[in-house]
2 protein chains.
Amino acid sequence: MRLPTLNRKHLERHLPILQWSKTYDRETLTSDMAAAVIVTIMLIPQSLAYALLAGLPAEMGLYASILPLVAYAVFGTSRVLAVGPVAVVSLMTAAAVGNLALQGTAEYVVAAITLAFISGLILLVMGVFRLGFLANFLSHPVIAGFITASGVLIATSQMKHLFGIKAEGHTLPQLLGSLFENQHLANPITLFIGLTTTAFLFWVRKGLKPLLLATGMKPRLADIMAKAGPVAAVVVTTLATWIFGLQDKGVRIVGEVPMGLPPLTLPSFDADLWSSLFVSALLISVIGFVESVSVAQTLAAKRRQRIIPDQELIGLGASNIAAAISGGYPVTGGFARSVVNFDAGAETPAAGAFTAVGILLAALLLTPLLYFLPNATLAATIIVAVLSLVDFSILSKTWSYSKVDFTAVASTIALTLGFGVEVGVSVGVILSIGLFLYKTSRPHVAEVGLVPGTQHFRNINRHDVQTAPSMVTLRIDESLYFANARFLEDYIYNRIACDEPIKDVVLMCSAVNEVDMSALESLEAINQRLKDLDIKLHLSEVKGPVMDRLKRSHFLDELSGEVFLSQYDAMVRLTRSDQSEGA
Amino acid sequence: MRLPTLNRKHLERHLPILQWSKTYDRETLTSDMAAAVIVTIMLIPQSLAYALLAGLPAEMGLYASILPLVAYAVFGTSRVLAVGPVAVVSLMTAAAVGNLALQGTAEYVVAAITLAFISGLILLVMGVFRLGFLANFLSHPVIAGFITASGVLIATSQMKHLFGIKAEGHTLPQLLGSLFENQHLANPITLFIGLTTTAFLFWVRKGLKPLLLATGMKPRLADIMAKAGPVAAVVVTTLATWIFGLQDKGVRIVGEVPMGLPPLTLPSFDADLWSSLFVSALLISVIGFVESVSVAQTLAAKRRQRIIPDQELIGLGASNIAAAISGGYPVTGGFARSVVNFDAGAETPAAGAFTAVGILLAALLLTPLLYFLPNATLAATIIVAVLSLVDFSILSKTWSYSKVDFTAVASTIALTLGFGVEVGVSVGVILSIGLFLYKTSRPHVAEVGLVPGTQHFRNINRHDVQTAPSMVTLRIDESLYFANARFLEDYIYNRIACDEPIKDVVLMCSAVNEVDMSALESLEAINQRLKDLDIKLHLSEVKGPVMDRLKRSHFLDELSGEVFLSQYDAMVRLTRSDQSEGA
């Protein structure tokens, strides 16, 4: 009788839909439907715009917002995460695919679909092997810097649509150079549409809701109206283009968008293509996962829910595979739309599935209406959306807190702007790990003494403490491992090379969480060297796990001194034995 | 008046020769000369043999043992390090160059010379920027495993010369497969010479010296005789080949070795060649440096001398540049020859310069005599020399001490044997760093209580300690940084999700050596979450450097609890306030 129960639990863990669907009722349905309507309104122009940013046909943005949402609803653990094309991942897609094929070609589209497929596989594999912890190696400041720099890159890359000119490049110098070179070709009508729309959308974002509330509108409705700003911009500029025939006056438009269901597509299985896309897919997967999980966790915490990061990998993996087989491109959980989904009252992932239905209806019915939509309008939508991602305050925050964090974040920003997203985030991660390793390779070592009236020991340079003349106590503020083993040797040899008649060296190990084989060999060397000089080496406050390990070596047999439970014990015993020897 | 003195000091730091040459006298000269004679005798057959191992003409081994020694004598800080071609670096040279050109071609020779040049530049740059600490990231077990596996590869690669057959490859399966395939072509006379020489050299190494001492010979002379074993083997087998005309019976011989001074050579400056050789040159530089420095430090410690690692980089860099311009190939400090130099009484680097003169005389006068030297003799010399490097006990040592170290060393050995030296050492380094990071990303957290009768706190699961019911004290055994920031959040949220009426959570920070920006954000989140649950968060035993940093953020203002100097203070104060509240 117990086996089926266990199986059900097991199944529920891997198919979260089984869990929440059990208690699904009419009330939940209403909340989810309402949220889905708002998110759909927001998502239609965004999906088109992000496809444009990725260098893909507009309809691929819609396709990426249908099946992937259903897949996430089945496998994802967040109740409110809204999956789909997002700005940073679209930019990374453009960077990855742009190296391999020209925009507008069939190869470009196939490469983007394949990228989604590889990325989905990577996420699934990471999920199955529970490698979600790997995302922890992206430090918060590095992510913040990366997102900010990406926002700047994205906004700059969209400027060309505002001006109605061509501009190429994946780095800030390339984009600016290209814009500057072609600025004389700017189309005044396009520029007018672009700037007006940008200004309008900024105003909608900041000023509309308070205004509507002031007119006595209900907050919920005011919220929906404000969210519909981009839709209004799309409608107005499309109508204007159609009525005045602006497409004949040089205003670039979206043009024909195929009407109908998402097509069934297959990724390419060309080995060369896979190997060229693999690193990009890995970066997109990890960045997408980190962004998505941090949104999901923030929102889950507000409702005291939990998400399971390793299951999230499965959910996002399934979404990307779904994108690859239905004409989409890489997707992940978006920040803005998830917050909107949350605020609009979504209670289960079913809201995502309803959103998918909404976008599907748009793909089936609305696409002919998009013919006259100016690219400049979509560019304005993107610019206004991504500028909220840009936040350089991380630079000043890290500068005042920690120069190491500052170095990592400043390098990430500079390299992302100067050399593109892939270089930026890769170097950011490597640099933050490298700096951490560098710090641990030259640990802080404090010489400590007894704080009078207590049994507590602190740094002799910071506190007024008691010490004994023939005894040196060093507190090593780091685990001992290969990278700092030699440093410790040098430090101790330098410290004892003085005129004082040192008889005992105590290593206070309260901060030593690990002694690896290399460090053990160094300790043996130190013990031997001190023994030759008639100095005893003692340890104190060695932690359980470290002591367990030392007991498995011969070090404790050879140690010239003792291992004391506490540093206070060490001081009492060693100074007492001094006196008795002196007597 | 002071400036010249400072300049002199500065100059002496960068040209150590200025320092030791000041006190150079007749006695030092005699010691150095005597050591040079012994090392020269040892080095002549070894240099030829290692050139053969590197796939290069025999004379390049001699050339690599002339000018590089003089360069090291000028720039190096070790008094006794003997520089020249060594087994592992020769094998790495063969692996690096063998991918680019065929043995026996001019391109192969130029690539080897270029490799020495690039490697010299890398070492010089590392020295100038004081990057010697990077070598610390090669853990002792990884080095031990790498040297052992290289020894096995080298011995196997020389088997072909013992059999007189051809065999190619840079990995154990390739070499064994190739040997097995061609074994029917074995030349019986070559095999006889090879096996007899190998047996003889083993006997010289183990049995000769005791025998000579037993006959009443002076220890010093017995030592020289034993070191001359390879020379005797060279002389006897060369004479035998000449007298019996063995070269016509299929015994491969060294053949014509050009007589004269080392040629003036130039590396290639072809950009493609440089980019293909760069990674190999980097690995050779680092491995050569680590080997060399560890020999130099071991020997320096015995005489209470010191070496300066960053200056050693300059010394080895100069040696490799010297090798590149005088027809040599990559060199470094050798273990066996340095020990011989030390034992023979070398007192200054001048001994190295005298050795260079000895080898130069050999290149000028003795090369015609080497015509009939069988390759099998040289192979036997190499096999006997490298088998002393092979020591698999590192596997059992690390197995019993630490599974993490064992994983790193076992992988290094397996990958070096299976995929060659470059893959082996690269993966070894990456793996040991990765495993360290993984451990720090899931730190040990101990819940602690007061050891009765003391002010000392230990793990409640290991010690019999006192705790207070409403207070949880967690000792985090790791620095808090981006990789474990989320882990800490999860750990604390799980710990407080229990039935106990917890009012205070104390984080005992005695082992927290660092709180980076990511961890600070996690601490802020934890503080906020606990505040919502009406639980106060306290810190205790925060170290000076960490406290300095926290003071620069807003965290301490927002902290719901207090920061206690010692954990004992925290317990006394928090339990007292409990009672007063209860009263």
Inset, instruction - Please indicate, with yes or no, whether at least one residue in segment A:176-188 is of a type in the set (A, V, I, L, M), more than 29 Å from A:V421 (Cα to Cα) and open to solvent by 20 Å² or more (accessible area, probe 1.4 Å). - result: no
Inset, instruction - Scan A:V425, A:V448 and give me the residue that is under 30 Å from A:L91 (Cα atoms) and in contact (Cβ under 8 Å) with a residue 24 or more places away in the chain. - result: A:V425
Inset, instruction - Report, ordered by the first and then the second residue, all pairs with beta carbons closer than 8 Å, sequence separation of six or more or different chains, a first member in segment B:547-574 that is under 18 Å from A:V465 (Cβ atoms), and a second member that is among the small types (G, A, S) and surrounded by 17 or more Cβ atoms within 10 Å (Cβ to Cβ). - result: B:F564/B:S540; B:F564/B:A570; B:L565/B:S540; B:S566/B:S540; B:Q567/B:S510; B:Q567/B:S540; B:D569/B:S540
Inset, instruction - Determine whether A:S157 is without any contact (Cβ under 8 Å) to a residue 60 or more places away in the chain and polar (S, T, N, Q). - result: no
Inset, instruction - Scan segment A:152-171 residue by residue and report those that are open to solvent by 20 Å² or more (accessible area, probe 1.4 Å), more than 23 Å from the chain's Cα centre (by Cα) and not acidic (D, E). - result: A:M159, A:K160, A:H161, A:F163, A:K166, A:G169
Inset, instruction - Could you run through segment A:467-487 and say how many residues are buried (at least 21 other Cβ atoms within 10 Å of the Cβ), of a type in the set (G, A, S) and away from chain B (no Cβ under 11 Å)? - result: 0
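Considering only residues that are within 11 Å of chain B (Cβ to nearest Cβ), touching a strand residue (DSSP E or B) at 6+ places or on another chain (Cβ under 8 Å), of a type outside the set (D, E, K, R) and buried (at least 19 other Cβ atoms within 10 Å of the Cβ), which ones fall in segment A:543-569? Quick ask: steps written out before the conclusion?
Taking segment A:543-569 and keeping what is within 11 Å of chain B (Cβ to nearest Cβ), we get A:543-555, A:564-569.
The next check asks that each one be touching a strand residue (DSSP E or B) at 6+ places or on another chain (Cβ under 8 Å); those that pass are A:543-544, A:546-547, A:549-550, A:564-569.
Now drop any that are not of a type outside the set (D, E, K, R), which leaves A:544, A:546-547, A:550, A:564-568.
Hits for segment A:543-569 are A:V546, A:L550, A:F564, A:S566, A:Q567, A:Y568.
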Inset, instruction - Scan segment A:431-445 residue by residue and report those that are hydrophobic (A, V, I, L, M, F, W, C) and under 11 Å from B:I433 (Cβ atoms). - result: A:I433, A:F436, A:L437
Legend entry - Selected residue (criterion: farthest from the other protein chains (Cβ to nearest Cβ)) from residues of segment B:402-449 that are open to solvent by 10 Å² or more (accessible area, probe 1.4 Å) and not in a helix (DSSP H, G or I): B:E447
Inset, instruction - Please work out if A:D272 is over 32 Å from the mean Cα position of the chain (by Cα), in the same structural domain as A:I359 (by TED's automatic domain parsing), assigned to a helix (DSSP H, G or I) and of a type in the set (D, E, K, R). - result: no
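I'd like the residue in segment A:489-502 that is within 19 Å of A:V448 (Cβ to Cβ) and open to solvent by 10 Å² or more (accessible area, probe 1.4 Å) and, out of all such residues, is nearest to the chain's Cα centre (by Cα).
Residues of segment A:489-502 within 19 Å of A:V448 (Cβ to Cβ): A:491-492, A:494-496, A:498, A:500, A:502.
The next check asks that each one be open to solvent by 10 Å² or more (accessible area, probe 1.4 Å); those that pass are A:491, A:494-496, A:498, A:500, A:502.
Working: A:Y491: 39, A:N494: 44, A:R495: 44, A:I496: 47, A:C498: 50, A:E500: 53, A:I502: 52 Å.
It comes out as A:Y491.
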Legend entry - Residues that are open to solvent by 30 Å² or more (accessible area, probe 1.4 Å) and within 9 Å of chain B (Cβ to nearest Cβ), drawn from segment A:450-466: A:T454, A:Q455, A:N461, A:R462, A:H463
Inset, instruction - Answer with yes or no whether A:I243 is exposed (fewer than 15 other Cβ atoms within 10 Å of the Cβ) and assigned to a helix (DSSP H, G or I). - result: yes
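Restricting segment A:308-360 to residues that are more than 16 Å from A:L115 (Cα to Cα) and polar (S, T, N, Q), which is surrounded by the most Cβ atoms within 10 Å (Cβ to Cβ)? Can you show your working first?
Within segment A:308-360, the first condition is being more than 16 Å from A:L115 (Cα to Cα), and the residues that meet it are A:308-315, A:333-360.
So of that shortlist, the ones also polar (S, T, N, Q) come out as A:311, A:338, A:341, A:348, A:355.
Working: A:Q311: 20, A:S338: 24, A:N341: 27, A:T348: 22, A:T355: 32.
Per the criteria, the residue is A:T355.
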Inset, instruction - Could you please tell me which pairs satisfy a Cβ distance under 7 Å, a separation of 6+ or placement on different chains, a first residue in segment A:335-359 that is hydroxyl-bearing (S, T, Y), and a second residue that is part of a loop (DSSP other than H, G, I, E, B)? - result: A:S338/A:V80; A:S338/A:L81; A:T348/A:Y24; A:T348/A:R79
Inset, instruction - Could you list, in sequence order, all residues of segment A:527-542 that are buried (at least 18 other Cβ atoms within 10 Å of the Cβ) and either within 12 Å of another protein chain (Cβ to nearest Cβ) or of a type in the set (K, R) (or both)? - result: A:K536, A:S540, A:E541, A:V542
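Taking segment A:396-413 as the region of interest, how many residues are among the aliphatic types (A, V, I, L, M), in contact (Cβ under 8 Å) with a residue 60 or more places away in the chain and farther than 19 Å from A:A87 by Cα? It would help to see each step written out before you state the result.
Quick first cut of segment A:396-413, residues among the aliphatic types (A, V, I, L, M) only: A:404, A:408-410, A:413.
Filter once more, so that each one left must be in contact (Cβ under 8 Å) with a residue 60 or more places away in the chain: A:408-410, A:413.
Then drop every residue that is not farther than 19 Å from A:A87 by Cα, which leaves A:408-410.
Within segment A:396-413, residues that are among the aliphatic types (A, V, I, L, M), in contact (Cβ under 8 Å) with a residue 60 or more places away in the chain and farther than 19 Å from A:A87 by Cα number 3.
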Inset, instruction - List the helices (runs of 4 or more DSSP H) that sit entirely inside segment B:1-111 and contain at least 2 residues that are buried (at least 16 other Cβ atoms within 10 Å of the Cβ) and in contact (Cβ under 8 Å) with a residue 60 or more places away in the chain. - result: B:17-20, B:26-53, B:58-63, B:67-75, B:87-98
Inset, instruction - Take segment A:284-305 and flag every residue that is outside any helix (DSSP H, G or I) and touching a residue at least 40 places away in the same chain (Cβ under 8 Å). - result: A:R303, A:Q305
Inset, instruction - Scan segment B:496-542 for residues that are in contact with a strand residue (DSSP E or B) (Cβ under 8 Å, 6 or more places away or on another chain), of a type outside the set (D, E) and over 26 Å from A:I394 (Cβ atoms) and jot them down. - result: B:I496, B:I502, B:K503, B:V505, B:V506, B:M508, B:S510, B:A511, B:I535, B:K536, B:H538, B:S540
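Which of the following residues is more than 19 Å from the chain's Cα centre (by Cα), not assigned by TED's automatic domain parsing to the domain that holds A:L48 and not hydroxyl-bearing (S, T, Y): A:K403, A:K302? Spell out how you get there, then give the answer.
On the way: A:K302 fails: not assigned by TED's automatic domain parsing to the domain that holds A:L48.
None of the others qualify; the one that does is A:K403.
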Legend entry - Any chance B:V505 is more than 8 Å from chain A (Cβ to nearest Cβ), crowded, with 20+ Cβ neighbours inside 10 Å and either free of Cβ contacts under 8 Å to residues at least 40 places away in the same chain or touching a Lys or Arg at 6+ places or on another chain (Cβ under 9 Å) (or both): yes
Inset, instruction - For A:E521, state whether it is facing another protein chain (nearest Cβ under 9 Å), under 20 Å from A:E489 (Cα atoms), open to solvent by less than 30 Å² (accessible area, probe 1.4 Å) and without any contact (Cβ under 8 Å) to a residue 60 or more places away in the chain. - result: no
Inset, instruction - Give the residue, chosen from B:L48, B:L52, B:L69, B:L56, that is under 25 Å from B:A301 (Cβ atoms), assigned by TED's automatic domain parsing to the domain that holds B:P374 and not small (G, A, S). - result: B:L69
Inset, instruction - Go through (1) under 25 Å from B:Y329 (Cα atoms); (2) outside any helix (DSSP H, G or I); (3) away from every other protein chain (no Cβ under 14 Å) and name the single condition B:I165 misses. - result: (1)
Inset, instruction - Test each condition in (1) open to solvent by less than 10 Å² (accessible area, probe 1.4 Å); (2) within 11 Å of chain A (Cβ to nearest Cβ); (3) of a type in the set (S, T, N, Q) for B:N513 and report the one that comes out false. - result: (1)
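Name the single residue that is nearest to B:T93 (Cα to Cα) among those in segment B:406-422 being aliphatic (A, V, I, L, M) and more than 16 Å from the chain's Cα centre (by Cα).
Of segment B:406-422, the ones aliphatic (A, V, I, L, M) are B:408-410, B:413-415, B:417, B:421.
Among the residues that remain, those that are also more than 16 Å from the chain's Cα centre (by Cα) are: B:410, B:414-415, B:417.
Working: B:A410: 24, B:A414: 20, B:L415: 18, B:L417: 16 Å.
Looking at residues that are aliphatic (A, V, I, L, M) and more than 16 Å from the chain's Cα centre (by Cα), I get B:L417.
The values are calculated or read from the model by the stated rules, or taken from the named source; none is laboratory data. Owing to the predicted nature of the structure, the values given are computational and were not obtained by experimental measurement. Methodologically, a virtual Cβ is constructed for each residue, glycine included, from the backbone with ideal geometry; neighbour enumeration extends over all protein chains shown. Keep in mind that these areas ignore ligands, DNA and RNA; they rest on the heavy atoms of the full protein, side chains included. Shrake-Rupley method; radii C 1.70, N 1.55, O 1.52, S 1.80 Å.
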